[in-house]
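The next block holds one structure in the form of structure tokens; read it before the comments.
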Amino acid sequence: MHCLEPSEAALRPLVAGIVAQHGGDASRMLQILRDIQSLAGWISPVAVDVLSAELAVPRTKIEGVAGFYSFLSLQPRGRYRILFSDNITDRMLGSTALMARLCNSLWVEQGKTSEEGLVSIDTTSCTGLCDQGPALLVNNRAMGRLTAERIDQIAELVRSEVAVDAWPDEFFIIDDNVQRADILLAADFQPGAALQAARQRAHAAGEGMMASNTRSWREGLPAGLGGPAAMLDEIKRANLRGRGGAGFTTGLKWEACRNAPLPAGQQRIVVCNADEGEPGTFKDRVLLTRQADLVFEGMTVAAYAVGATRGFVYLRGEYAYLRPQLETVLARRRQDKLLGRDILGIPGADFDIEIHLGAGAYVCGEESALIESLEGKRGTPRNRPPFPVTNGYLDQPTIVNNVETFAAAALIALHGGDWYAAIGTRHSAGSKLLSVAGDCARPGIYEYPFGVSIRQVLDACGATKVQAVQVSGPSGICVAPNEFDRVIAFEDIPTAGAFTIFDSTRDMFEVARNYVHFFQHESCGFCTPCRVGTSLLKNLMDKLARGCGSPYDFAEIEKLNQLLQSMSHCGLGHTACNPVLDTIAKFRPAYEARMMQRDFTPAFDLDQALSQARQMTGRDDAAAHLQSEQGGAV
């Protein structure tokens, strides 16, 4: 739990100390702001004053960064900050009623802070616990499988002002829920084995991995003349493609970074994207929990292949509770000469990894927005070109890959590209982790070779009377029963990993509406088409929900889709209409039930807006209602 806010006199040296711990580096702005908020509970004007002076950065820029991230606050928040996951699966499990129960018990309104400053209660988009919801975060600690009884216990602990660290340990048990393991999750991996195997393979090819001079590691050698070329060839032979959703060929990305010019004083960078914010996705959480060494070793393999000396794991803010365990693994790897200087005892083989925490911004899952955030800025996607492989972190050549991609790279280094390419399908090599949640008996992580059908996964997880499956989250595709023989593969249905199941009791209109609200909330606001378009789309879906819909609104949704796809700055805007268009096409009766009007009807009902005033005055007679031109109530 946050301590009571320090006085102004005490806060100034504390903030200055935090800045000093980060080397006075303005590019670490986000990490500095997180530390200040952890200390004081919010980013106060005094803290901004000190930061501006210490970092020589304008106040407006500091406030702009702090205001961009939902986990940071420029206003006081409760000493207990409780955020309920608002993902569709949490709602299906009753999260809305549980949040209302806690608000009522603690006499606090949602989105507000209690008068005495004790507690704040609100929602957050998705906590990555879709397989064990309903879930919440309390002061950055995650809690799943909420029940009414647990909510009552939480209320009593808050009222008694028991520090969160002293709450019962069982509150914070997070299960991995691995239901099916394959080459990644079942890997019997010894730290260092992949690096040693790659070294031996390069020696066998007459090249020598991590040669004793620094040139082979940092500057590169012509193709065919150095160990890095052998490693790149294995990655290409494996046909490894990015696992974050886009599916770009990993070997080509790494080679472009390797060949990018490196001005004096610069270095190449390896970034692990662990910001899985797509609702319904939680595979990276499990990989980092169970196979952290495999992921870090894959990053080190990548560093060798591209000649990088610095690495980052960008860990989503919702997973902050994983950081202590990950730091322990990194420390052990440094001690064992698998990270740091002279890896494997070879002079010049230098590479290390540090963890950066996000702060609640879905758009930072896009690689250029992630890099902006790493640099301590607002997570706004960049214009491209130039691409990160040539001009990435601090304008240096940078590769950004998903957690799962790096884990696969370690196995390729260990077993070879041909071994990996033989798994899966011709165009989709290897395995894929699926985050299965929703209406099924056995939610959790399922790892299959590429080519598994939707129907096979449904059978394995115990799903019955299935109406739809949302593959790859809101930005993906909604699959109806007549499509259940389609397969998970880049040549058919690609996915970042989300696999959310809806049975015949679910209202697919409400599913799509939840996704639309998510996109509107998470739009970074940089470009007008997305900022305005997602808001208009949300308003149209809410209008349909109120029974004011007409054929006019369907036409407007089509227009918005064309606008967002053609003019949005990044993928968020491009895919914002996907859930609506998919569900209109495949579950049209759910929409027609809301189309109560034949002609255009305004979304705003002035008479309905006055209902609260009528309730307060105890009046509901005809004179208390607005009258239409025909003389009846509006």
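Throughout, read-outs are computed from the coordinates displayed, never taken from laboratory work. Only a predicted model underlies this, so the values are computations on that prediction, with no experimental measurement involved. Every residue, glycine among them, receives a Cβ derived from its backbone with ideal geometry; neighbour counts consider all protein chains shown.
Which entry in (i) 32.4; (ii) 30.7; (iii) 43.8 is this structure's computed mean projected area of the Cα convex hull in nm²? Given (i) 32.4; (ii) 30.7; (iii) 43.8, the structure-derived one carries the label (ii). From the alpha carbon centroid of region 413-438 to that of region 17-64 is 43 Å.
Dividing the mean sequence gap of close Cα pairs (under 8 Å, 6+ apart) by how many residues region 193-421 holds gives a relative contact order of 30 percent. Taken about its Cα centre, region 55-97 carries a charge dipole of roughly 200 debye when the Cβ of each Lys and Arg holds +1 and the Cβ of each Asp and Glu holds -1.
With contacts defined as alpha carbon pairs under 8 Å and 6 or more residues apart, what's the relative contact order of the chain in percent? Show your work: numbers first, answer last.
Working: 1252 pairs, mean separation 78.9, N = 634.
Reported relative contact order: 12 percent.
For residue 236, the lysines whose Cα comes closer than 26 Å to its Cα, not counting residues fewer than 8 places off in the same chain, are 253, 283, 432. Once you reduce region 96-174 and region 285-342 to the center of their Cα atoms, the two points are 31 Å from each other. Taking a ≥ b ≥ c as the square roots of the eigenvalues of the Cα gyration tensor, region 247-382 is oblate, since a/c reaches 1.5 or more and a/b is not larger than b/c.
3J(HN,Hα) along region 102-107: 5, 4, 5, 5, 9, 6 Hz, from the Karplus curve 6.51 cos²θ - 1.76 cosθ + 1.60 with θ = phi - 60°, whole Hz, x for Gly and Pro. Compared with the dominant principal axis of the Cα atoms in the chain, helix 193-204 is inclined by about 40°.
Only four residue types carry charge here, +1 at the Cβ of Lys and Arg and -1 at the Cβ of Asp and Glu. Report the dipole size of region 127-178 about the Cα centre in Debye, rounded to the nearest 20.
So the magnitude is around 180 debye.
Each DSSP beta bridge with both residues in region 193-421 is either parallel or antiparallel, and the antiparallel ones are about 10%. Computed about the Cα centre, the dipole magnitude for the chain is approximately 1100 debye when only Lys and Arg (+1) and Asp and Glu (-1) carry charge, each at its Cβ. Placing unit charges on the Cβ atoms of the charged side chains and taking the dipole of the chain about its Cα centre, the candidate lying farthest along the positive direction among 403, 441, 270 is 270.
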